[in-house]
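Everything below concerns the one structure shown next.
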Amino acid sequence: MTTKEKIVRQAIAQVEKKVAAIKALLSANPLVRICEIRIEAQQILQQHGDDHATIVKLLKPLGEEEKRMFALAEKQKNTMALIDKQVALEHELYELGHELYFINRGR
């Protein structure tokens, strides 16, 4: 494997990783999960009534997850920019694959 081929393969791996991250971000549905978390919290409040220590213990992880979901929803606000970036990365991936083809063909 030549140095050029090694660099191209590493670049392909990096671009594929970025594309996968963008696809995961675009396919996530945090608002549904936020609603589910709030329903779970309401059920906990109804089940445990006056036991405040248990309520706090059970609601803390739900609150942390809700914060993560709100952060994810914030990242999703500009979906057009994410899609544009994904298209640019997929084009770059195509060009890298094309370059790799010519490297292998030249052997």
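The values are calculated or read from the model by the stated rules, or taken from the named source; none is laboratory data. Here the structure is a predicted model, which means the values were calculated and not measured. Cβ placement follows ideal geometry from the backbone for every residue including glycine, while neighbour counts extend to all protein chains displayed.
Points worth noting:
- Selection count where residues are more than 16 Å from K23 (Cα to Cα) and either at pLDDT below 95 or of a type outside the set (D, E, K, R) (or both), scope the range 69-103: 12
- Residue that is in contact with a helix residue (DSSP H, G or I) (Cβ under 9 Å, 6 or more places away or on another chain) and small (G, A, S), where the choices are A53, A20, A71: A71
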